[in-house]
1. Among the residues that make up segment 376-390, is at least one of them at pLDDT below 75, of a type outside the set (G, A, S) and in contact with a strand residue (DSSP E or B) (Cβ under 7 Å, 6 or more places away or on another chain)?
2. Which members of segment 192-211 meet the condition of being touching a Ser or Thr at 6+ places or on another chain (Cβ under 9 Å), surrounded by fewer than 18 Cβ atoms within 10 Å (Cβ to Cβ) and not hydroxyl-bearing (S, T, Y)?
3. Has segment 41-48 got any residue that is in a strand (DSSP E or B) and surrounded by 16 or more Cβ atoms within 10 Å (Cβ to Cβ)?
4. Pick from segment 64-104 the residues that are among the hydrophobic types (A, V, I, L, M, F, W, C) and within 19 Å of the chain's Cα centre (by Cα): which of them is nearest to G35 (Cα to Cα)?
5. Inspect all residues belonging to segment 277-296 and state whether any of them is more than 29 Å from M350 (Cβ to Cβ) and modelled with pLDDT under 80.
6. Where in segment 229-286 are there strands (runs of 3 or more DSSP E), lying wholly inside it, with at least 1 residues that are over 27 Å from Y380 (Cα atoms), out of contact with any Cys (no Cβ under 7 Å at 6 or more places or on another chain) and aromatic (F, W, Y)?
7. State yes or no: is G219 touching a residue at least 40 places away in the same chain (Cβ under 8 Å), surrounded by 18 or more Cβ atoms within 10 Å (Cβ to Cβ), of a type outside the set (K, R) and part of a loop (DSSP other than H, G, I, E, B)?
Amino acid sequence: MIIKNEIKMRVPLFLALLISSVGSVFAQADMTTSGDWVTTANWTSGNIGDNVTETVTINNNINPTVNNGTNLTVGTTTLTNNNTLTVNSGGTLNVGDVGHANSLITTNNNTTINVAGTLIVWGDLQVNNNVIWNITGTVIIKGSVIMANNADLNVTGGGTLQVGGSFTGGNNTTITVPSGTISISGAISVGNGSTLSGCTGCVQAGGGCTGPSGFCTNGALPITLISFEGKATGSTVTLDWSTASELNFDKFVIERSASATSFTEIGSVPGHGNSNQLNEYSFEDDMPSTGANYYRLRSVDFDGKFENSKIIKVEFNASADKIRLYPNPVTDGTFSVRTSFARQEGDKVMIYNNVGMLVGETEVGAKEINIGKIFTTGLYTLFYASGSQKYAVRFVVK
């Protein structure tokens with residue numbers, strides 16, 4: 001009995017040690033020989049970097065290739081020094097996935113990345129020294145690009161480096177785009193001594209640019225949005241914004257949403273075409289919804305290319321004491337509107353749904369307004385326009 005008990009205790013301990021040993025080996029994958037990514041002989045102990053939970057290191061002077069037909073998902077990856085990573089047409093490399101969006105790719109000294117296939121980084125791109133992107137395929141950085149002091153980024157090949165987050169750089173950041181595009185959803189922020197050079201409109205930032213004046217007003221940026229804000233003013237919402245530079249710029253399209261997800265165009269303002277000076281803009285939304293209103297600007301170039309600004313939120317509180325709607329909720333297809341002021345000929349009622357779309361409009365006649373069955377259940381905003389005054393109240397249809 002004693003011997004059996006000892007065996008039962010030792011077997012789990014042995015297995016635990018074995019599992020721990022295997023886990024420690026496969027938590028790290030090191031590529032030590034140039035060539036096909038999926039060739040076992042190119043990796044330490046034959047452990048190919050092909051698991052999203054692994055940390056992958058490409059050793060100095062090693063050049064990995066993801067060939068046609070190869071579809072890989074790996075974890076955080078570091079290109080150390082003097083590396084060339086190639087993703088051929090028909091090949092796909094994911095650094096991270098939807099469940100590992102913090103996975104990033106780090107480049108150190110003298111990195112070249114050639115992408116004719118697809119490369120998706122679910123986290124950030126960290127550039128510690130200099131990197132050349134030769135893009136003819138698809139490159140998506142779902143996170144941000146973070147460049148250290150004195151770091152250098154070059155995009156060529158005619159393709160686009162798509163950045164879902166922001167672009168930040170330390171002092172003396174250098175960005176060169178001779179034949180390609182950097183499309184940044186967020187803002188650019190770089191330190192002193194930073195320079196930007198490249199083709200016309202080849203760097204696009206949805207959230208504006210902060211940095212040396214020579215950087216942010218460079219012709220590579222089609223527009224530099226430096227502010228965008230809004231405030232409720234009486235019966236309207238006033239939006240104000242400004243640009244530091246514009247290049248081949250056509251117009252701003254103003255969009256509004258009640259949910260910050262689905263936007264509707266509510267107007268447009270022409271741009272200045274080409275300008276290297278401060279330009280200020282303003283727009284009044286005379287039909288805001290009661291409560292939260294979300295706004296964004298769509299910047300449109302003469303060639304039709306566009307980018308969206310950051311989203312801002314403005315709270316609008318209508319003069320509910322001036323207008324009453326009952327019953328609320330509406331249950332039988334009819335409701336009445338009462339006002340604390342005398343109605344005038346030509347007064348109008350306009351009804352918008354929860355995404356800001358006009359779904360009903362009528363001149364005020366009888367005290368009771370029949371909305372019939374044109375509305376589905378949901379939340380709506382009624383605007384009452386009388387002369388130069390506008391009032392609003394929300395109601396629910398059940």
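1. No, segment 376-390 has no match at all.
2. Keep residues of segment 192-211 that are touching a Ser or Thr at 6+ places or on another chain (Cβ under 9 Å), which gives 193-199, 201-211.
Next, from what is left, pick out any that are surrounded by fewer than 18 Cβ atoms within 10 Å (Cβ to Cβ): 193, 195, 197, 199, 210.
Within segment 192-211, G193, C199 meet the criteria.
3. Yes, there is a match, as at least one residue in segment 41-48 is in a strand (DSSP E or B) and surrounded by 16 or more Cβ atoms within 10 Å (Cβ to Cβ).
4. As a first pass, look at segment 64-104 and keep what is among the hydrophobic types (A, V, I, L, M, F, W, C): 66, 72, 74, 79, 85, 87, 93, 95, 98, 101, 104.
Filter once more, so that each one left must be within 19 Å of the chain's Cα centre (by Cα): 95, 98, 101, 104.
Values: V95: 19, V98: 28, A101: 27, L104: 22 Å.
Once the filter is applied, the top-ranked residue is V95.
5. Just the residues of segment 277-296 that are more than 29 Å from M350 (Cβ to Cβ), to begin with: 277-280.
Next, from what is left, pick out any that are modelled with pLDDT under 80: 277.
Yes, there is a match, as at least one residue in segment 277-296 is more than 29 Å from M350 (Cβ to Cβ) and modelled with pLDDT under 80.
6. Working: elements: 236-257, 264-275, 279-285.
Result: 236-257, 279-285.
7. No: the conditions fail for G219.
Residues are listed down the side, and each one gets a yes or a no for (1) under 22 Å from the mean Cα position of the chain (by Cα); (2) buried (at least 18 other Cβ atoms within 10 Å of the Cβ); (3) in a strand (DSSP E or B):
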position: T112; (1), (2), (3): no, yes, yes
position: I120; (1), (2), (3): yes, no, yes
position: G123; (1), (2), (3): yes, yes, no
position: V131; (1), (2), (3): no, yes, yes
position: N150; (1), (2), (3): no, no, no
position: L153; (1), (2), (3): yes, yes, yes
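The values are calculated or read from the model by the stated rules, or taken from the named source; none is laboratory data. Every value quoted in this text rests on a predicted model; they were computed, and no experiment measured them. Here Cβ is always computed from backbone atoms with ideal geometry, including for glycine, and neighbour counts include all displayed protein chains.
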